[in-house]
Amino acid sequence: MSFFKKMMAKVGIGNIDFDTQFHTEAFVPGELVEGVIIAKGGSVEQKVDKIYFKIMTQYRKPSPSESDPNRMLTESVEIANILLGESLEFAPGQTIEIPFYFVLPHETPISIGVSPIWIRTGMDIDNAIDPSDRDDIEVLAHPHTSVIFEALEELGFHLHKAENEYFPQANYYLPFIQNFEFVPYKNSEYGRSVEELELVFYPDKNGVKILLEFDRKARGFKGLLAEMLDMDESHHRYYFSAGELEEGVESVADQFRGIFDQLLDV
């Protein structure tokens with residue numbers, strides 16, 4: 001093994017090359033992700049210390065600059081770091097197929113709006129530049145969340161906007177939330193009484209917690225969220241269990257109607 005080849009591998013030339021292949025084209029939070037990594041050894045023998053996946057997305061946050069406080073910055077954030085395996089050795093030119101599976105975290109945002117979601121596959125290799133592979137993915141709503149969307153549609157609301165917004169909280173480990181803005185159709189049940197409906201979802205394996213607020217003056221999300229967190233929990237925070245959500249769209253729509261009528265003093 002020549003000194004030249006060793007040095008080239010250290011800077012990434014002749015290093016291990018790999019491709020991550022997923023068995024499905026769309027992903028659902030809380031469900032299994034399966035696939036295979038096809039890796040080919042480089043020009044020299046190399047040892048992989050570990051293989052990992054990073055679930056990534058982006059969110060918007062205000063600029064800290066006092067001279068331009070209205071400017072928004074885009075930050076990348078790691079949702080989860082999943083260790084696949086350790087201590088794998090590659091002979092020069094050797095091809096190895098590495099099957100994998102993991103559960104996509106419930107906190108993964110849905111592919112609605114402008115924020116991308118991707119999975120970065122990485123390898124830690126001694127004395128070499130660590131190779132990586134990025135795969136942009138489409139994340140669909142979990143069936144429990146889909147029922148909520150359909151129930152709101154049943155009540156005459158349509159999704160207007162969705163965005164990942166900076167909002168660190170002590171009881172939530174990610175520095176952002178994905179907020180959804182719904183607007184009622186003009187001739188719908190709430191078309192005259194509601195300007196906009198803001199929703200934030202906190203799904204887990206047992207159901208979905210939601211925070212909601214109505215906007216009658218189009219005040220913007222930040223003002224609404226501040227109000228939501230200051231209010232009594234019983235007024236603006238609700239939990240739909242898996243059992244309630246599995247009763248169907250009509251049942252969930254009826255529950256929302258009761259919540260809305262109470263908050264709007266109908």
Subject >> Estimated FRET transfer efficiency when R0 is 41 angstrom, pair I112-E86 (beta carbons, to 0.05) >> reply: 0.70
Subject >> Filter on K61/K209; K40/K205; K47/K205; K161/K209; K54/K205 - keep pairs with C-alpha separation over 31 Å >> reply: K40/K205; K47/K205
Original post:
If you plug each phi of the stretch 36-52 into the Karplus form 6.51 cos²θ - 1.76 cosθ + 1.60 with θ = phi - 60°, what whole-Hz ³J(HN,Hα) values come out, in order, with x for Gly and Pro?
Top reply: 8, 9, 9, 10, 10, x, x, 8, 9, 5, 9, 10, 8, 6, 7, 10, 9
**OP:** Evaluate the Debye formula for the stretch 117-179 with equal point scatterers sitting on the alpha carbons, no solvent, and hand back log10 of I(q)/I(0) at q = 0.16 Å⁻¹, in q order, two decimals.
**Re:** -0.84
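Quote the FRET efficiency, to the nearest 0.05, computed for A242 versus N187 with a Förster distance R0 of 35 Å and r equal to the Cβ-Cβ distance.
Numbers: r = 34 Å, r/R0 = 0.96.
For R0 = 35 Å, the calculated efficiency reads 0.55.
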**OP:** Hey, can you grab everything whose amide H is under 5 Å from the amide H of D204? Only 5+ residues off in sequence or another chain; H modelled, so Pro and N-termini drop out.
**Re:** K209
**OP:** Normalise the Cα radius of gyration of the stretch 29-97 by 2.2 N^0.38 Å (N = residues in it) and let me know the number.
**Re:** 1.77
**OP:** Determine, from the Cβ-Cβ distance of D133 and K209 and an R0 of 45 Å, the FRET efficiency 1/(1 + (r/R0)^6), rounded to the nearest 0.05.
**Re:** 0.85
**OP:** Would you mind listing how long the stretch 45-180 runs along its three principal axes, going by Cα atoms, in whole Å with the largest first?
**Re:** 60, 44, 27
Original post:
If you project the alpha carbons of the stretch 41-80 onto the principal axes, what extent comes out on each, in Å, largest first?
Top reply: 53, 21, 12
Subject >> Two-site label geometry, R257 and K50: point separation in nm, points 7 Å out along Cα→Cβ >> reply: 5.3 nm
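Rule-based calculations on the coordinates, nothing more; no lab input. Just so we're clear, the structure is a prediction, and the values are computed from it rather than from any experiment. Ideal geometry is used to build each Cβ from the backbone, glycine not excepted, and the neighbour counts take in all protein chains shown.
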